[in-house]
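The values are calculated or read from the model by the stated rules, or taken from the named source; none is laboratory data. Owing to the predicted nature of the structure, the values given are computational and were not obtained by experimental measurement. Virtual Cβ from ideal backbone geometry, glycine too; neighbours counted across all protein chains shown.
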Amino acid sequence: MRISISSSFALSLLAACGVFPPTCFVVGQEQEVGRVWNEGAPLGLGPEGFGGGLGKERVIGTGVDGGSGGVRGGKEELERLWGFEWSFSGISTFAHLEYKKCLTTPEELFDIGILGVPFDTAVSYRPGARFGPKAIRAASARQTSFRGFNTRAGINPYTSFARILDCGDIPVTPLNNAIALEQMTAAYTELLNRKPLSSSLTHPKIISLGGDHSLALAALRALQRVYNQPIAVLHFDAHLDTWHPSKYPDPWASEQAQFNHGSMFWLASNEGLILNGSSVHAGLRTRLSGDDFADYDDDDHQGFLRISADDIDDLRPQGVIKKILERIGTEVPVYLSIDIDVLDPGVAPGTGTPEPGGWTMRELIRILRGIESLNVVGADVVEVSPSYDGVGEETALSGAQVVFEMLTSLVKRGLRDIKKVAEIKERRKRDEL
């Protein structure tokens, strides 16, 4: 059924429902009349400008094609009319990505998954990072596939070869840290063992939205199992996070208390998960335990190179990049872990353990762009605690931008690997001839 109405009636209809409401229906003959559209644009907002085309008749679809019961134009037409989302509309998935609860949909293949880990009961100071995944997703709203071209990299990560999904959250218990660690490890192992959609990847890649930093232990356990080798760690943070558990003085300490957001790399190193001699801390400005450099001795034993926050004054971002690449190289598998407190609390106050004197967001972005050749197999952005953020959501916005930089680098590296594989195949073909 098709209903023809004049512009004057259409304007009356809009006035009755409110000025250009998102949804307004007129019911007649048990048919719902949709919004008034003129050549694919809302009434009055067509090519002739606001109010353009007044006096012409417009056709409003009822959703029924000639009484046949089929949707007019089919699914493709509905997608064209209603599938678009402005940055301020839609539910809060990361960058308006397609949402699948990946842990319960093994049939859904993907190349890169955004995974929320709302866990913060292993913190030693301010809690609240369990709300980090929601905050980062909300702050990513201005990122869209239709305006996602990264001029630095020359690609749009959202429209390239990789299928990127928002995989939802791991339902981590807040009541028992031992069970929480088990849950996180099992979830990462499950997802990393999936077959990726692209044949250029051996395993899908997970970018975690924390959550406190302790989630890195679970991720490294899963990565070591899947890749069957220790993983290099590139760790951006104000703090070492290789603290010996005994450095947290507590007469009531338990074995489980050894697992926290400052000891997880110590635990990972002692489990043989971290590639000794190929890992880096960057952005450090922490105080140490006791009266000496014993914490640095522990860190040296675990094979980390330390780059302090104020080193950037002498080295500049390019010098920091050079040190990282010389230490890690471009072929070993790397876990990229970014604690948002690597940034100065003046620009990123929403975190649990703020330390003055950190990097600016521009400096961090510059460094991340300079290390895009690394073979990153997993990543996280952690310790975003929105209850301490400013009214402008500065910290969450920074977290969302960091994820965009990560995605860009992962996709660009993937494109390079695809080209490499194609060249090898072509060379073999020529050799056979």
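Condition check for Glu190 on (1) touching a residue at least 12 places away in the same chain (Cβ under 8 Å); (2) surrounded by fewer than 19 Cβ atoms within 10 Å (Cβ to Cβ); (3) assigned to a loop (DSSP other than H, G, I, E, B): one failure, at (3). Within the range 95-119, the set of residues being in a loop (DSSP other than H, G, I, E, B) and in contact with a strand residue (DSSP E or B) (Cβ under 8 Å, 6 or more places away or on another chain) comprises Leu97, Glu98, Lys100, Lys101, Glu108, Phe110, Asp111, Pro118, Phe119.
Within the range 225-257, being of a type in the set (S, T, N, Q), in a loop (DSSP other than H, G, I, E, B) and touching a residue at least 12 places away in the same chain (Cβ under 8 Å) holds for Gln229, Thr242. In the range 135-147, the condition of being modelled with pLDDT of 95 or more, out of contact with any Lys or Arg (no Cβ under 6 Å at 6 or more places or on another chain) and basic (Lys, Arg) is met by at least one residue. Considering (1) under 30 Å from Asp311 (Cα atoms); (2) modelled with pLDDT of 95 or more, the lone condition that Leu223 does not fulfil carries the number (1). Between Ile338, Ile324, the distinction of being touching a strand residue (DSSP E or B) at 6+ places or on another chain (Cβ under 7 Å) and either buried (at least 22 other Cβ atoms within 10 Å of the Cβ) or not in a helix (DSSP H, G or I) (or both) belongs to Ile338 only.
One residue alone among Ala216, Ala222 is part of a helix (DSSP H, G or I) and more than 30 Å from Lys419 (Cβ to Cβ), and that residue is Ala216.
Just one of the listed residues (Leu234, Leu267, Leu240) is more than 24 Å from Asp310 (Cβ to Cβ) and either surrounded by 14 or more Cβ atoms within 10 Å (Cβ to Cβ) or hydrophobic (A, V, I, L, M, F, W, C) (or both), namely Leu267.
Taking the criterion of being within 16 Å of Pro118 (Cβ to Cβ) and in contact with a Lys or Arg (Cβ under 7 Å, 6 or more places away or on another chain), the only residue of the range 372-411 that qualifies is Ser385. Checked against the criterion of being assigned by TED's automatic domain parsing to the domain that holds Ala139, farther than 29 Å from Leu192 by Cβ and touching an Asp or Glu at 6+ places or on another chain (Cβ under 6 Å), the candidates Gly350, Gly357 yield just one match: Gly350. Could you please find all residues in the range 258-314 being in a helix (DSSP H, G or I) and farther than 27 Å from Ala178 by Cβ? Selection gives Ala294, Tyr296, Asp297, Asp300, Asp311, Ile312, Asp313, Asp314. Within the range 243-258, the only residue that satisfies the criterion of being buried (at least 16 other Cβ atoms within 10 Å of the Cβ) and aromatic (Phe, Trp, Tyr) is Trp243.
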